[in-house]
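The structure appears right after this line, and notes come after that.
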Protein chains: 2
Amino acid sequence: MIDIVHRVGIRAPVSAVYAALSTVEGVAAWWTRNASGSSEPGGTIALDFLLPSGERIGGMKMEVLKLDPDREVRWRFREGPDEWIDTEAVFSLSEDDGYTIVNFGHLNWREAVEFTGHCSTKWATFLLSLKELVETGKGRPSPDDVRIGDWH
Amino acid sequence: MIDIVHRVGIRAPVSAVYAALSTVEGVAAWWTRNASGSSEPGGTIALDFLLPSGERIGGMKMEVLKLDPDREVRWRFREGPDEWIDTEAVFSLSEDDGYTIVNFGHLNWREAVEFTGHCSTKWATFLLSLKELVETGKGRPSPDDVRIGDWH
């Protein structure tokens with residue numbers, strides 16, 4: 001099994017970071033504006049990714065596995081790119097000297113393929129979008145996300 | 001063994017991307033301005049990372065293991081953070097429809113620790129600095145790199 005890992009430090013209270021991860025409105029403000037569904041444990045959040053032109057380029061559905069206030073958010077991907085099915089994303093939160101530390105994992109990829117590298121880089125840009133959102137009030141959710149190459 | 005992987009697509013000829021990876025001047029324009037040494041195979045490149053204030057926060061020395069023009073650059077880290085010793089960075093280049101595709105790996109970490117996540121996110125920002133450098137002529141090498149948290 002292969003994991004993507006990232007770590008960012010956000011200059012904000014852990015409660016603000018948790019709110020951006022544990023609600024549909026929060027996710028829509030840093031990952032993709034086209035987010036809908038239920039963010040309660042057991043609920044499903046649907047995400048769609050569009051080009052600025054409005055063309056849909058992909059999406060996924062994820063089950064909310066765990067919400068541990070101010071500590072952890074965990075999702076399992078149920079629909080989406082084949083490589084993502086049954087993988088999990090986990091955000092572990094802690095506080096350190098004025099920062100909220102986010103240790104992120106996109107866990108249990110069956111194998112490392114070229115798409116894994118793309119998703120890893122893309123996750124970094126979305127985690128920095130989360131940081132920007134919580135620190136400044138404005139993130140860079142799709143379709144305004146950072147373009148990293150031919151695969152968007 | 002744990003690997004960090006990333007993938008970016010750069011709108012430029014592969015020769016321009018290769019030049020930025022295979023020379024000290026290139027590395028200094030996207031990774032850290034404080035780069036020196038020999039970029040020939042078998043040579044050693046020394047990198048230092050400073051804060052904008054000039055304070056040194058770290059560095060490493062890497063051996064150039066492989067230079068395969070327009071195809072691959074591979075380094076092995078010989079000095080630096082303990083977790084980096086004997087790990088390798090590899091940049092595999094290919095061309096696709098007007099893009100140079102960079103498949104990057106920072107390979108052979110002994111274990112996944114919190115620092116792995118930090119380095120993964122940081123690598124993403126430096127690969128996007130490489131993309132910016134080659135596409136626009138201006139990268140974001142240290143000390144002007146993107147700050148991602150308390151660990152810089």
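The values are calculated or read from the model by the stated rules, or taken from the named source; none is laboratory data. Please read these numbers as outputs of a predicted model, since none were measured by experiment. Every residue, glycine among them, receives a Cβ derived from its backbone with ideal geometry; neighbour counts consider all protein chains shown.
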Go over the candidates B:29, B:16 one by one and state the one that is within 13 Å of the chain's Cα centre (by Cα), part of a helix (DSSP H, G or I) and away from chain A (no Cβ under 14 Å). B:29
Taking residue A:94 and the conditions (1) among the small types (Gly, Ala, Ser); (2) at the interface with another protein chain (Cβ under 7 Å from one of its Cβ atoms); (3) surrounded by fewer than 16 Cβ atoms within 10 Å (Cβ to Cβ), which numbered condition does it fall short on, given that it satisfies the others? (2)
Name the residues in the range A:106-145 that are among the β-branched types (Val, Ile, Thr) and buried (at least 16 other Cβ atoms within 10 Å of the Cβ), would you? A:116, A:121, A:125, A:134
Starting from the range B:10-30, keep only residues that are under 19 Å from residue B:96 (Cβ atoms) and at pLDDT 95 or above, then list their pairs with residues that are crowded, with 17+ Cβ neighbours inside 10 Å and among the aromatic types (Phe, Trp, Tyr) whose Cβ atoms are within a distance under 9 Å, requiring at least 6 positions of separation or different chains. B:10/B:99; B:11/B:99; B:12/B:99; B:17/B:91; B:18/B:91; B:20/B:30; B:21/B:30; B:21/B:91
Filter the range B:110-150 down to the residues that are assigned to a loop (DSSP other than H, G, I, E, B) and in contact with a Phe, Trp or Tyr (Cβ under 8 Å, 6 or more places away or on another chain) and list them by number. B:139, B:140, B:141, B:143, B:145, B:149, B:150
Within the range B:21-56, count every residue that is touching a Leu at 6+ places or on another chain (Cβ under 6 Å) and of a type in the set (Gly, Ala, Ser). 3
Give me the pairs, please: first residue somewhere in the range A:115-135 and under 16 Å from residue B:126 (Cα atoms), second residue anywhere and in a helix (DSSP H, G or I), beta-carbon distance under 6 Å, and either six or more positions apart or on two chains. A:121/B:124; A:124/B:121; A:124/B:124
Filtering the range B:3-13 down to residues that are farther than 15 Å from residue B:104 by Cα and within 14 Å of chain A (Cβ to nearest Cβ) yields B:11, B:12
